[in-house]
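One structure below.
The values are calculated or read from the model by the stated rules, or taken from the named source; none is laboratory data. Just so we're clear, the structure is a prediction, and the values are computed from it rather than from any experiment. Methodologically, a virtual Cβ is constructed for each residue, glycine included, from the backbone with ideal geometry; neighbour enumeration extends over all protein chains shown. Remember, those area values only see protein heavy atoms, side chains included, never the ligands or the DNA or RNA. Shrake-Rupley method; radii C 1.70, N 1.55, O 1.52, S 1.80 Å.
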Amino acid sequence: MCSSDKHLQANLTSLTERISAAVRRASRPSGSVTLVAVSKTFGPEAVLALARCGQRDFGENYLQEALAKMDAVGAAAPRLPLSWHFIGPIQSNKTRQIAERFDWVQSVERLKVAERLSAQRPAQLPPLNVLLQVNISGEAAKSGVAPDEVPALAHAVAALPRLRLRGLMAIPEPRDDPGEQRPPLAAMKELFDAQRAAGFADWDTLSMGMSADLEVAIEQGATMVRVGTALFGERAK
Ligand SMILES: *Cc1c(COP(=O)(O)O)cnc(C)c1O
């Protein structure tokens, strides 16, 4: 047994099973989908419990909460090689701490923010991994760049020296029936493949799929899923 928290350990085991079953059904190679554990609103002890079971990638939406959690996790287990993903909306006056403390930023949607992240990425760290967030369902109030603006933004972001653009991220509009997510998820895969064919052959990351729709997302080609509720339980509203 890897963790004293049997509940979290069991959730991680069954989630890993769900992911491998979906990967098999899609006839994709095992290990081709990375799990990002979305730990927002849960404390450092929950992160540590999963990290001790081998989970390495963690996603956070709120900067101040994330920094406090990283400090606590780092103090308790300084040698755990964790990868932190920023997945929430980015205010441009908050980019410095994101550039200094995170390994990935999945929610890049504006060139100005990307330029600041590149300029503020410390020289001793590897380039910051970034994904462009796409508003694939065309929701008026949703974050993300419109699909037809992806090529121009991708070219501009790829030219920034301290960023490594690795692909795309999306949060399709939630549906009661996850099967209804198929069209937007398929559209994301199409956009991703089109960009790879158009000169971004090194793109390796398509981040889509959450607790409710990860099977459909994997069927449609996700290489990274971001899961909160199915791991940690319901978040307090
Ligand atoms: C909260 C969040 C998730 C996780 O959602 P669940 O439904 O709890 O799995 C994934 N991605 C982003 C961007 C989020 O904000």
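Give the stretch 192-221 a look and list any residue that's away from the ligand (no atom under 12 Å from the Cβ), open to solvent by 30 Å² or more (accessible area, probe 1.4 Å) and either assigned to a strand (DSSP E or B) or not basic (Lys, Arg) (or both), or say none. Show your work before the answer.
Restricting attention to the stretch 192-221, the residues satisfying the condition of being away from the ligand (no atom under 12 Å from the Cβ) are 192-206, 215-216, 218-221.
Within this subset, residues satisfying the condition of being open to solvent by 30 Å² or more (accessible area, probe 1.4 Å) are 193-194, 196-199, 201-202, 204, 215, 219-220.
The answer is Asp193, Ala194, Ala197, Ala198, Gly199, Ala201, Asp202, Asp204, Glu215, Glu219, Gln220.
State all residues of the stretch 32-80 that are more than 16 Å from the ligand (Cβ to nearest atom) and acidic (Asp, Glu); if no residue qualifies, say none.
Glu45, Asp71
Test Ala76 against the stated conditions and say whether it is over 21 Å from Met210 (Cα atoms) and either among the hydrophobic types (A, V, I, L, M, F, W, C) or surrounded by 20 or more Cβ atoms within 10 Å (Cβ to Cβ) (or both).
yes
Tally time: how many residues in the stretch 222-232 are more than 9 Å from the ligand (Cβ to nearest atom) and either part of a strand (DSSP E or B) or without any contact (Cβ under 8 Å) to a residue 60 or more places away in the chain (or both)?
1
Of everything in the stretch 1-31 that's away from the ligand (no atom under 16 Å from the Cβ) and of a type in the set (A, V, I, L, M), which residue is nearest to Ser207 (Cα to Cα)?
Here the answer is Val23.
Could you tell me which residue of the stretch 79-97 is surrounded by the fewest Cβ atoms within 10 Å (Cβ to Cβ), considering only residues that are closer than 20 Å to Thr34 by Cβ and in contact with a helix residue (DSSP H, G or I) (Cβ under 7 Å, 6 or more places away or on another chain)?
That would be Leu80.
What pairs come up if the first residue lies in the stretch 117-130 and is at pLDDT 95 or above, the second is in a loop (DSSP other than H, G, I, E, B), and their beta carbons are under 6 Å apart, counting only those six or more places apart or on different chains?
Every condition considered, the pairs that remain are Ser118/Leu160; Ser118/Arg162; Arg121/Arg162; Pro127/Arg162; Leu128/Arg121.
Is it true that some residue in the stretch 2-9 is closer than 19 Å to Val216 by Cα, open to solvent by less than 40 Å² (accessible area, probe 1.4 Å) and touching a residue at least 40 places away in the same chain (Cβ under 8 Å)?
No; the residues of the stretch 2-9 include none that is closer than 19 Å to Val216 by Cα, open to solvent by less than 40 Å² (accessible area, probe 1.4 Å) and touching a residue at least 40 places away in the same chain (Cβ under 8 Å).
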